[in-house]
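Here the structure is laid out as structure tokens; the discussion comes afterwards.
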Amino acid sequence: MVQTIVGVAGSLGRPSRTRCLVEAAVKRATERYWLDGSVFDLTTFAPSLGASARLADLDCDARTAIDTMLEADALVLASPVYKGSYSGLFKHLIDLIDPRSLVGKPVLLGATGGGPRHALVIEHQLRPLLGFFEAQTLATGIYAAEADFEDGVITSPTAIERLDRAVGQFAPFLDWPKTHAAGRPPLVSAVR
């Protein structure tokens with residue numbers, strides 16, 4: 001069985017630095033561990049997300065995306081920083097998920113912001129949130145500021161090195177030697 005990784009960017013805008021960060025992490029993981037990958041952002045869950053009080057209230061497309069996320073073997077979750085924290089709709093999406101659904105699941109955490117002053121949002125906001133779900137957050141989180149991007153691509157050598165280090169921390173959680181030995185190329189369906 002092919003393992004999967006799903007990335008969720010907690011932003012509504014396109015283009016989005018947050019989505020770019022998530023796509024880069026998912027792409028690196030699919031290539032390194034021969035996973036199938038998908039990337040979603042909040043527009044995937046709109047317009048029903050804001051009006052939903054529970055998962056059953058989501059429209060069919062949004063529910064399918066949530067199911068894909070929950071069935072994944074690994075996750076990349078990132079949010080833009082708004083006023084020192086993750087985005088409200090991103091939190092609302094997480095609020096709809098059953099707390100038992102992420103137990104033990106490896107999660108790479110990321111965030112984007114205008115400058116370096118919000119870099120600790122991962123440690124002070126995202127890690128405790130995923131700790132409640134008992135997810136296995138990877139030790140290295142990725143914060144990328146506006147200066148780390150050029151033309152929609154992460155170009156900062158420091159950010160790229162940190163991203164590669166974080167993706168490497170998925171290794172204990174994934175059955176990658178078997179999938180790699182199968183000689184199957186990874187499948188990335190990042191356009192959603």
Requested in this report: Name every residue in region 14-37 that is touching a Pro at 6+ places or on another chain (Cβ under 9 Å) and closer than 13 Å to T112 by Cα, in order of residue number.
Outcome: S16, R17, T18
Report task. Could you give me the residue pairs with C-beta distances under 9 Å whose first residue belongs to region 127-152 and is under 21 Å from S101 (Cα atoms), whose second residue is surrounded by fewer than 19 Cβ atoms within 10 Å (Cβ to Cβ) and aromatic (F, W, Y) wherever it lies, and which are 6+ apart or on separate chains? Result -> Q136/F173; L138/F173
Report summary line: Residue hits (region 94-133; in a strand (DSSP E or B) and surrounded by fewer than 16 Cβ atoms within 10 Å (Cβ to Cβ)) are none
Report task. Inspect region 134-146 for any residue being assigned to a helix (DSSP H, G or I), surrounded by fewer than 17 Cβ atoms within 10 Å (Cβ to Cβ) and not charged (D, E, K, R) and give the result as yes or no. Result -> no
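Give the residues of region 1-19 that are part of a helix (DSSP H, G or I) and either within 19 Å of I66 (Cα to Cα) or not charged (D, E, K, R) (or both), sorted by residue number. Walk me through it before giving the result.
In the first step, residues of region 1-19 are kept if they are part of a helix (DSSP H, G or I); the result is 17-19.
Hits for region 1-19 are T18, R19.
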Query raised in the report: What is the residue count in region 54-76 for residues that are touching a Ser or Thr at 6+ places or on another chain (Cβ under 9 Å), in contact (Cβ under 8 Å) with a residue 60 or more places away in the chain and buried (at least 18 other Cβ atoms within 10 Å of the Cβ)?
Result: 5
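In region 67-89, what residues are part of a helix (DSSP H, G or I) and at pLDDT below 95?
G88, L89, listed by residue number.
The values are calculated or read from the model by the stated rules, or taken from the named source; none is laboratory data. Bear in mind that the values here come from a model prediction, so they are computed numbers and not experimental data. Neighbour counts run over all protein chains shown; Cβ positions are idealised from the backbone, glycine included.
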